[in-house]
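See structure below.
What follows draws every value from the coordinates through simple rules; no lab data is involved. Just so you know, these numbers come straight off a predicted model, no measurement behind them. Please note: Cβ atoms are built from the backbone with ideal geometry, for glycine as well, and neighbour counts cover all protein chains shown.
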Amino acid sequence: MASGFWGLLDALSPAQLTVAISVASAALFLIEERRLGLVALAVQYVLIGAIIGGHVYRPILFLFMGIGAAVFLVLLLSAGRVERAVREASTAGASSSAPGEEPPPQAYESMGPLFHSMALVLAGISAYGVWRAYPIADIPPELSLASYWLVGCGLVLALIGSGPLRIGFGLLTFVNGVVSAYLLIERSLLVFTLVGALYGVLVLAIAFCTEIWLMTLRGGTEG
């Protein structure tokens, strides 16, 4: 089954992979539920694996997919804790407000789908403009566009993210964009080891900051 799945991914053209990874990245802007957003981030890793699979050694590809699985599992715990905190805060806000009054705003709330859609358009236009001005040599144009798209979406998502977890999704998307281009140029195992260390430090930092954020918000609510 796994071989059939990878065979399907290998059959996709660079243009199709670019469209798929664009959709997966856009989902991070439009999905409010953190666990579903994490699934979209995991899809990024699978698609990047399909992009670099024909250009890097198999051990590097397997290591990259292993990193993606580790990122998903570590952040899944944080995403579940944040979603529980969101539900608790919504319930507490609704019960504490007087009848007929709007519940007070919560620190977990985002700017809303319209704002996120506008930010997504801005990221896409910026990525396309940079791609046209500075194409990456030795990489198929569609794949270099996918890398620029990930970098642009990651930066914008990190800037507008509500809470360290969604900011972390943006930072990981940014790193995915850089790595997807760099591994097509530099295939050294040493370089990939450094990339793996970067992912490890970043994921642990995101999980740690998320826990501190939750403790702070819960402490402020209890106080």
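Between VAL130 and ALA70, how many nm apart are label points set 7 Å from Cα along the C-beta direction?
Once both label points are built, they end up 2.7 nm from each other.
Once the other residues with Cβ under 10 Å from the Cβ of ARG81 are scored (Lys, Arg +1; Asp, Glu -1), what is the net sum?
On the way: positive: ARG34, ARG84; negative: GLU83, GLU211.
Value of the local net charge: 0.
From Cα coordinates alone, what are the radius of gyration and Dmax values for segment 121-223 in angstrom?
According to the Cα coordinates of segment 121-223, Rg and Dmax are 16.6, 58 Å.
Gap in Å between the Cα centre of segment 109-139 and the Cα centre of segment 144-223?
Using only Cα atoms to place each centre, the spacing works out to 17 Å.
Using the Karplus curve 6.51 cos²θ - 1.76 cosθ + 1.60 with θ = phi - 60°, work out ³J(HN,Hα) for each residue of segment 47-58 in order, rounded to whole Hz, and write x for Gly and Pro.
3J(HN,Hα) across segment 47-58, in whole Hz: 5, 5, x, 5, 5, 8, x, x, 10, 10, 5, 4.
Taking Rh as the Kirkwood radius computed over C-alpha pairs, what is the Stokes-Einstein D of segment 139-198 at 25 °C in a medium of viscosity 0.890 mPa s, expressed in µm² per second? Don't jump to the answer; show the numbers that get you there.
Numbers: Rh = 12.0 Å.
The calculation lands on 205 µm²/s.
Can you list the residues, at least 5 places off or on another chain, whose amide H is less than 5 Å from the amide H of VAL56, using H built in the peptide plane?
Answer set, sorted by chain and number: none.
Please pull out the direction-averaged projected area of segment 108-154, using the convex hull of its alpha-carbon atoms, in nm² to one decimal place.
Numbers: hull surface 14.3 nm².
If you wrap the Cα atoms of segment 108-154 in a convex hull and average its projections, you get 3.6 nm².
Evaluate the distance, in nm, between pseudo-label points positioned 7 Å from the Cα of LEU36 and of ASP138 along their respective Cα→Cβ axes.
4.2
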